[in-house]
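Derivation of every value follows stated rules applied to the coordinates shown; laboratory data play no part. No experiment lies behind these values; they were computed from the predicted model shown. Quick reminder, even Gly has a Cβ in these numbers, built from the backbone with ideal geometry, and neighbours come from all protein chains shown.
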Amino acid sequence: MELMRTHLFVLSFVALSQVACAQSNLRAIAPGNIVNGLMPTIRGAIEGPSRQEIGQGLKEALDAGVATGVAQLSKVGGFAQSPVYRIPLPPEIQALEAKVRKNPVLSATVGPKLDGLIEAMNQGAETAVKEAAPIFKEAILHMTVQDAVGILQGGDGAATAYLKNETEPAVQQAFAPIIDRALQSVDVARYWTPLVQALNANKVLLGLSHDIETDLPTYVNQRATTAMYQEIALQEAKIRQDPIARTSDLLKKVFGSKLAQG
């Protein structure tokens with residue numbers, strides 16, 4: 001009988017101990033403690049990124065957009081094989097080009113020259129694009145926090161517009177000698193300039209309303225520059241619109257914020 005009382009006492013003590021532990025655990029995970037643990041996350045969602053983080057995030061996004069754009073356009077075929085960026089002959093020449101291609105004699109004699117010219121224009125653009133990276137980098141480094149906040153709130157294309165405003169003249173200046181060399185490689189002056197001059201002299205007979213632009217390097221430069229900014233704009237749009245494209249915690253915080261969403 002005494003032994004039975006001892007067992008009952010031990011069992012009661014164990015049970016009371018387990019109840020006490022359970023109560024202690026409940027207090028540890030009480031609602032107040034849960035909220036306290038979540039406060040940093042809640043505070044971050046409410047407050048959003050700091051101005052410094054916005055500046056760093058915009059620079060990171062532009063760096064990524066420029067790197068991808070340059071890599072895409074400067075590779076072999078980046079212009080020549082692109083259905084979007086391939087540089088054709090100037091619009092005022094294209095109708096005449098079609099006539100050349102349809103004529104067997106002209107196609108055999110003039111056609112190869114046109115092919116060489118088109119190839120040189122596109123290869124020149126592909127080579128020139130590589131020179132844009134350091135120019136863009138310099139502009140990104142000098143972006144102020146105030147600029148960054150305005151860009152973030154500006155919506156689609158705001159970062160690209162900022163970059164274009166800051167860099168376009170310098171980019172075109174860097175492109176010019178490279179495109180000139182590419183066009184000289186096919187001896188463009190020997191047939192392009194006389195051709196255009198002859199066409200302009202007979203523009204009434206040809207149904208042309210104005211002189212054809214004889215500055216072919218400028219035309220190619222403008223096409224190459226436009227393509228560069230278009231490609232950067234595509235990369236910017238991906239980061240703004242697609243959470244998967246935000247490849248760092250900083251990009252997620254900045255472009256996932258209410259400030260970025262308007």
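Hey, what do the phi angles of the range 236-250 turn into as Karplus ³J(HN,Hα) couplings, whole Hz, using 6.51/-1.76/1.60 and θ = phi - 60°, x for Gly and Pro?
4, 4, 4, 5, 6, 9, 10, x, 5, 6, 8, 8, 9, 4, 5
Kindly write out, for the range 135-150 in residue order, the coupling ³J(HN,Hα) from the Karplus curve 6.51 cos²θ - 1.76 cosθ + 1.60 (θ = phi - 60°), rounded to whole Hz, with x marking Gly and Pro.
After applying 6.51 cos²θ - 1.76 cosθ + 1.60, I find 5, 5, 4, 4, 5, 5, 4, 8, 5, 8, 4, 4, 4, 4, 4, x Hz.
Need one number: convex hull volume per residue for the range 217-262, Cα atoms only, in Å³.
81
So which of Lys59/Lys238; Lys75/Lys113; Lys137/Lys253; Lys102/Lys203; Lys164/Lys258 end up more than 18 Å apart by C-alpha?
Lys75/Lys113; Lys137/Lys253; Lys102/Lys203; Lys164/Lys258
Could you give the nm distance between label points at Lys238 and Asn202, where each point is 7 Å from its Cα heading toward the beta carbon?
According to this spin-label approximation, the distance is 4.9 nm.
When the convex hull of the C-alpha atoms of the range 52-261 is computed, what volume per residue in Å³ does it have?
Convex hull of Cα atoms, per residue: 133 Å³.
Using the alpha-carbon centroid of each, what span in Å lies between the range 187-262 and the range 77-144?
So the separation of the two Cα centres works out to 11 Å.
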